[in-house]
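S.K.: Dropping a structure here in C-alpha cells format, bear with me for questions.
The values are calculated or read from the model by the stated rules, or taken from the named source; none is laboratory data. Owing to the predicted nature of the structure, the values given are computational and were not obtained by experimental measurement. All Cβ positions, even for glycine, are placed from backbone atoms using ideal geometry, and neighbour counts span all protein chains on display. Areas reflect the complete protein model, heavy atoms only, side chains present, ligands, DNA and RNA absent. Shrake-Rupley method; radii C 1.70, N 1.55, O 1.52, S 1.80 Å.
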Amino acid sequence: MSEGPALSLRAIELREVALPLVRPFRTSFGEEREKRAILVRTIGDDVEGWGECVASEEPRYSEEWLDGAWTALERWMAPAVVGQANRPERVTESLGWIRGHRMAKAAIEAAVLDVWLRKAGVSLSDYLSGVRDRITCGVSVGIAPTVEEMLEEIRGYLAKGYRRIKLKIEPGRDLSVVGAVREALPDTPLSVDANGAYTPADTPLFEALDEMGLMMIEQPLDAEDLPGHAALQARLRTPICLDESIRSARDAAVAIRLGACRVINIKPGRVGGILEAKRVHDVALRSSVPVWIGGMLETGVGRAANLALAALPGVTLPGDTSASDRYFPQDLTEPFVLDPDGTMAVPSGPGIGVEPLPDRLEACTVRTSLIKP
Ligand code: OSB
Ligand code: MG
C-alpha cells in the first residue's frame, strides 16, 4: 500500500459546515436537529482532496467534540502535515505524538488519502482492495415520541428497499417498542443500538430482547466495559455488536478474544482513520467475526469513504450507509441514491470519487481556516 509518489500540500483548509437534517435524530445520548461537520480540504499543486470529521457538537458519543477537533486540527494536525512530502501512511506517523483525537486524525488522513489517490488516478475502494461495486444498506432509526411514528418511518424505509432496520433504544423505550415493531414486522431483519445506555444490572432486559429474533444488539453497555459485554454475551444467543468500545485494531482483537462481541461496527472516525479501519476489518476477518460499516450522519464526503470500506470482503452485513435523502433535504455532494434492491454503488472515480458541490459548500459553510506551511 505504500507504493506511489509522495505529494506536497500547498495548504490545508478547514471548513465547518451546517446542514439541516430531514428529521431530528434521537439516540440514548441526545437529539441532533442539524448536522455540523468539519471538512478538511488538502490542496496540492494541481489536485485537491476532501475528508470529513465526524466529531459531533457535544462529547456524548465519545470524548471528542467539534470545537475541540477544530482546535486540534488547526493548531497541531494541519501544521504537521502541510508542506511535508506526504504519503497516506506518513500522516499517521506525523500525528503519532498526539494522544487521542481519533476523529480529527481520521479527517486529515482521509483528505490526504483522497488527494494522493486522485493524483494517482486510483479509487479508494481499489486502493483498499475492495471486492464489490455495490453494497447492501440498512438504516438507523432514531427514537421517536410514539411507536406509530417509528413504524411509519420504518415502513417508508422498507418501501425504499433498505435491508435491515436498526432501532435506537434507551431505558424506558426498549422492550415495548421493539416488541411492537417486531409484531408489526415479523420478518424484517431488525437490530437495536443502545449507545451504552445500560448496565450489567439490566441483563434480564437483554434476555427478554434475546427472544425477539434480532440480528444483533449494538453497544448495550458502557464503552469501557469489555468484561461486562463478555459476561452478557455468554448469556445471549443474539450476537452483541460493539461500536463505541472498539477504538483500534488492538481493541478489536482484545474484544474478540474476551468474547465481548460477535459482530463489529466499523467507523473510520472512531478508530482514527481509514487505514486503521481496514486493520480492524482484517483482525475481524481472521477471526471470522462479521463486520459492517457504521455511520455518523456523514455528508456525502464522509459517506463516500464509508462506502469504499464497505466493499471489503469481511463486510458481510448491511451497514448504516444510507442514501443522502435519509439524512438531508440536500446533501453537500451529488446525492447517494439507494437502488430499489437495497444496494448502493461504491464510488469508482479517483479517491473518494465525489466532491462537495461548490454552491452547496458555500451555502453550508459556517467558518473557514487556511493553514499554510
Ligand atoms: O451509534 O451508530 C451509532 C449516529 C450518530 C452517532 C452514533 C450512531 C449513529 C447512528 C446513525 O446510528 C448512523 C448513520 O446513519 O449514519
Ligand atoms: Mg452505534
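S.K.: Can you tell me the FRET efficiency between Asp46 and Asp341 if r is taken as the Cβ-Cβ distance and R0 is 56 Å, rounded to the nearest 0.05?
M.R.: On the way: r = 39 Å, r/R0 = 0.70.
Efficiency at R0 = 56 Å is approximately 0.90.
S.K.: Helix 249-258 versus the longest principal axis of the chain: what is the Cα-based angle in degrees, 0 to 90, to the nearest 10?
M.R.: 20 degrees
S.K.: Another question about this same structure. Only Cα pairs under 8 Å and at least 6 apart count here; give the relative contact order of the chain as a rounded whole percent.
M.R.: On the way: 855 pairs, mean separation 85.4, N = 373.
23 percent.
S.K.: In degrees between 0 and 90, to the nearest 10, how far off the longest principal axis of the chain does helix 175-184 point, with axes built from Cα atoms?
M.R.: Value to nearest ten degrees: 90.
S.K.: Something else: Between the stretch 285-361 and the stretch 155-199, what is the C-alpha centre distance in whole Å?
M.R.: 22 Å
S.K.: Moving on. Would you tell me the accessible area of Glu362, worked out with a 1.4 angstrom probe on the heavy atoms of the protein chains, in Å² to the nearest 10?
M.R.: 110 Å²
S.K.: Gain in length, Val366 to Glu93, computed as 0.36 nm per residue apart minus the alpha-carbon separation, to one decimal in nm? Mind dumping the intermediate values first?
M.R.: Working: separation 273, 0.36 × 273 = 98.28 nm, distance 3.07 nm.
Length difference between fully extended and current span is 95.2 nm.
S.K.: Work through the residues other than Cys241 whose Cβ is under 9 Å from its Cβ and net out their charges, Lys, Arg +1 and Asp, Glu -1. Numbers along the way, then the final one.
M.R.: On the way: positive: Arg262; negative: Asp193, Glu218, Asp243.
Charge balance near Cys241 sits at -2.
S.K.: Can you tell me what the convex hull of the Cα atoms of the chain projects to on average, as an area in nm²? Spell out each step's value before the answer.
M.R.: Numbers: hull surface 66.0 nm².
Average of the hull's projected areas for the chain equals 16.5 nm².
S.K.: Could you put Arg279, Arg99, Arg10 in order of accessible surface area, largest first, with the 1.4 Å probe and the full protein assembly present? Could the numbers behind the result be given before it?
M.R.: Values: Arg279 105, Arg99 215, Arg10 130 Å².
Per-residue accessible area, sorted high to low, gives Arg99, Arg10, Arg279.
S.K.: Is the stretch 259-306 rounded, prolate or oblate when judged by the Cα gyration tensor, a ≥ b ≥ c being the square roots of its eigenvalues, rounded requiring a/c under 1.5 and prolate requiring a/b larger than b/c? Display every interim value, and only then the final one.
M.R.: Numbers: a/c = 2.48, a/b = 1.90, b/c = 1.31.
Judged from the Cα gyration tensor, the stretch 259-306 comes out prolate (a/c at least 1.5, a/b above b/c).
S.K.: Restricting to Cα pairs below 8 Å that are 6+ residues apart, what does the relative contact order work out to for the stretch 135-267? Please round to a whole percent. Could the numbers behind the result be given before it?
M.R.: Values: 212 pairs, mean separation 24.0, N = 133.
Over the stretch 135-267, the number comes to 18 percent.
S.K.: From largest to smallest, what semi-axes in whole angstrom does the stretch 88-139 give when each is the square root of 5 times an eigenvalue of its alpha carbon gyration tensor?
M.R.: Details: eigenvalues 118, 55, 15 Å².
So the three semi-axes of the stretch 88-139 are 24, 17, 9 Å.
S.K.: Using the eigenvalues of the Cα gyration tensor, what equivalent ellipsoid semi-axes result for the stretch 291-367 when each is taken as the square root of five times the eigenvalue, whole Å, largest first? Mind dumping the intermediate values first?
M.R.: Numbers: eigenvalues 101, 34, 26 Å².
Square roots of five times the eigenvalues give 23, 13, 11 Å.
S.K.: Using 0.36 nm per residue of separation minus the Cα-Cα distance, give me the extension gain between Thr71 and Arg23 in nm, one decimal. If you can, show how the numbers build up before the last one.
M.R.: Numbers: separation 48, 0.36 × 48 = 17.28 nm, distance 2.93 nm.
The span from Thr71 to Arg23 would gain 14.3 nm if fully extended.
S.K.: Continuing with the same structure: Whenever you get a sec, compute what percent of the accessible area on the stretch 1-154 sits on carbon and sulfur atoms (1.4 Å probe). Each step should come with its number before you reach the end.
M.R.: Values: 2980 of 6590 Å².
For the stretch 1-154, the apolar C and S fraction of the accessible surface comes to 45 percent.
S.K.: Here is a further query. For the stretch 154-223, what is one quarter of the convex hull surface built on the Cα atoms, given in nm²? Intermediate results must be reported in sequence, preceding the final value.
M.R.: Numbers: hull surface 18.3 nm².
Quarter of the Cα hull surface area: 4.6 nm².
S.K.: Okay, next question. Obtain the radius of gyration and the Kirkwood radius of the stretch 152-285 from its C-alpha atoms and give Rg over Rh. Numbers along the way, then the final one.
M.R.: Values: Rg = 15.0 Å, Rh = 15.3 Å.
Rg divided by Rh gives 0.98.
S.K.: OK, next. What is the local net charge at Gly161, summed over the other residues whose Cβ is closer than 14 Å to its Cβ (Lys, Arg +1; Asp, Glu -1)? Walk me through the numbers on the way to the answer.
M.R.: Numbers: positive: Arg134, Arg155, Lys160, Arg163, Arg164, Arg326; negative: Asp325, Asp339, Asp341.
Once all neighbours under 14 Å are counted, the net charge is +3.
S.K.: What's the magnitude of the charge dipole for the stretch 185-268 around its Cα centre, counting Lys and Arg as +1 and Asp and Glu as -1 at the beta-carbon? Answer in Debye, nearest 20. List each step's numbers first, then the result.
M.R.: Numbers: 7 positive and 13 negative charges, 84 e Å.
Magnitude of the dipole: close to 400 debye.
S.K.: Now for a different question. Relative contact order of the stretch 53-160, please, whole-number percent, based on alpha carbon pairs below 8 angstrom and at least 6 residues apart. Numbers along the way, then the final one.
M.R.: Working: 67 pairs, mean separation 22.8, N = 108.
Contact order relative to length: 21 percent.
S.K.: Okay, next question. Over the stretch 90-213, what per residue volume does the convex hull of the Cα atoms give, in whole Å³?
M.R.: 179 Å³
S.K.: A follow-up question, please. Report the equivalent ellipsoid semi-axes for the stretch 1-111 in whole Å, largest first, defined as the square roots of five times the eigenvalues of the gyration tensor built from alpha carbon atoms. The partial results should precede the final answer.
M.R.: Working: eigenvalues 155, 46, 26 Å².
Working through the eigenvalues yields semi-axes of 28, 15, 11 Å.
S.K.: To continue, here is another question. Can you list, bin by bin at 5 Å, the percent of alpha carbon pairs in the stretch 253-346, starting at 0?
M.R.: Distribution as computed: 2, 14, 25, 23, 17, 10, 6, 3, 1 percent.
S.K.: If I stretch the segment between Glu334 and Arg60 completely, what's the gain in nm (0.36 nm per residue apart, minus their alpha carbon distance), one decimal?
M.R.: Numbers: separation 274, 0.36 × 274 = 98.64 nm, distance 3.01 nm.
Stretched fully, the Glu334-Arg60 segment lengthens by 95.6 nm.
S.K.: I'm a student and want to see the number: the projected area of the Cα convex hull of the stretch 142-190, averaged over all directions, in nm². Don't skip to the answer; put the middle values down first.
M.R.: On the way: hull surface 12.3 nm².
In nm², the orientation-averaged hull projection of the stretch 142-190 is 3.1.
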